[in-house]
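What follows is calculated from the coordinates using simple rules that are stated; it is not laboratory data. Keep in mind the model is a prediction, meaning the values are calculated, not measured. Glycine also receives a Cβ, built like all others from the backbone with ideal geometry; neighbour counts cover every protein chain displayed.
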Ligand SMILES: C[S@@+](CC[C@H](N)C(=O)[O-])C[C@H]1O[C@@H](n2cnc3c(N)ncnc32)[C@H](O)[C@@H]1O
């Protein structure tokens, strides 16, 4: 059986690795995976945010908060890692309408219920041990009819054992996946010479979907991002992302209470 690592243990590891992980992270656009795959998908799924109250749950160093604030949103960024939040504050022009709050996204009772038009959560839910509590907390923060857009590592491709299978010359033959149904905490490769990596909480696709739907969210859309051709000139290594999907991004709406039937 896998060890039941809790959020405090997960965050201890984010705090430990934050500065190294952020060293090459572009302040406005994030890392190449965000630039090529995630940002276009998130922006395509998000509704217009100008004048809207937006919560970024698991905001990290805050690049998406800044992007959305520049589009006219009033943004709250929540993260449980003090190191990530201190980087976010350092990187943010105080003129932008962003409030950073330290807290666990699994229990956001420090935010007023029903006070956000949009919740976005970029590559954070699979880092949280209790996805049910985190989604419930996001649900609570939204107004009725409010929109949730979240991305995660694609659970069908980032199963406990996965990766390219190569021939003797190192050419990629195919992407392998194994132990898909074994949900739980998995240690990611350690950063530099550290002995402990961050934790990824693997769950099947249906676990995410059933949690979302049973909570009273209505699923509106889903994207498995592929690179735009023009991105490949700058980032040729992303051509392999036409062969498998690293990420999946969902758009859901909080149903009006009268419509949930629960
Ligand atoms: C992969 S990073 C993504 C950060 C940011 N959304 C981005 O796209 O750059 C995951 C973030 O989730 C945060 N996180 C993990 N578990 C959390 C929790 N229970 N509550 C709040 N933040 C959490 C980590 O501290 C980290 O900043």
TODO: Bin width 5 Å, alpha-carbon pairs only: give the P(r) of the chain as whole percents, running from 0 to the bin holding the largest distance.
DONE: 1, 6, 12, 17, 20, 19, 14, 7, 3, 1, 0, 0, 0
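Order these peptides, 207-216, 77-86, 226-235, by their mean beta-carbon neighbour count within 10 angstrom, highest first. List each step's numbers first, then the result.
Values: 207-216: 16.1, 77-86: 22.5, 226-235: 12.9.
In decreasing order of mean packing, 207-216, 77-86, 226-235 become 77-86, 207-216, 226-235.
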Open item on the list: Just the number: Rg to Rh for region 89-141, Cα atoms, Kirkwood Rh, two decimals.
Closed with: 0.99
Open item on the list: Give the separation of the Cα centroids, region 56-93 to region 201-254, in Å.
Closed with: 22 Å
Task: Burial ordering of 242, 201, fewest other beta-carbon atoms within 10 Å first - done: 242, 201
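Express in nm, to one decimal, how much length is gained between residue 218 and residue 6 on full extension, taking 0.36 nm for each residue of separation and deducting their alpha carbon distance.
73.5 nm
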Open item on the list: Could you give the length gained by full extension between residue 109 and residue 27, i.e. 0.36 nm per residue of separation minus their alpha carbon distance, to one decimal place?
Closed with: 26.6 nm
Open item on the list: With n ≥ 4 as the cut-off for DSSP H runs, can you work out [θ] at 222 nm for the chain, using -39500 (n - 2.57) per run divided by the number of residues, rounded to the nearest 500?
Closed with: -8000 deg cm²/dmol
TODO: Quick one: angle between helix 131-141 and the longest Cα principal axis of the chain, in degrees between 0 and 90, rounded to 10, please.
DONE: 30 degrees
- [ ] Please report, largest first and rounded to whole Å, the three semi-axes of the ellipsoid equivalent to region 45-142, where each semi-axis is the square root of five times an eigenvalue of the C-alpha gyration tensor.
- [x] 19, 16, 11
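So how do 35, 11 line up by other beta-carbon neighbours within 10 Å, fewest first? Working shown, then result.
Working: 35 18, 11 22.
The fewest-first ordering by Cβ neighbours comes to 35, 11.
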- [ ] Can you tell me how much longer the chain between residue 207 and residue 229 gets when fully stretched, taken as 0.36 nm per residue apart minus their C-alpha distance, in nm with one decimal?
- [x] 4.6 nm
Task: Cβ-based exposure ranking for 206, 121, 245, in which fewest neighbours within 10 Å come first - done: 206, 245, 121
Open item on the list: How tilted is helix 7-22 with respect to the longest principal axis of the chain? Cα atoms for both, answer in degrees (0 to 90, nearest 10).
Closed with: 70 degrees
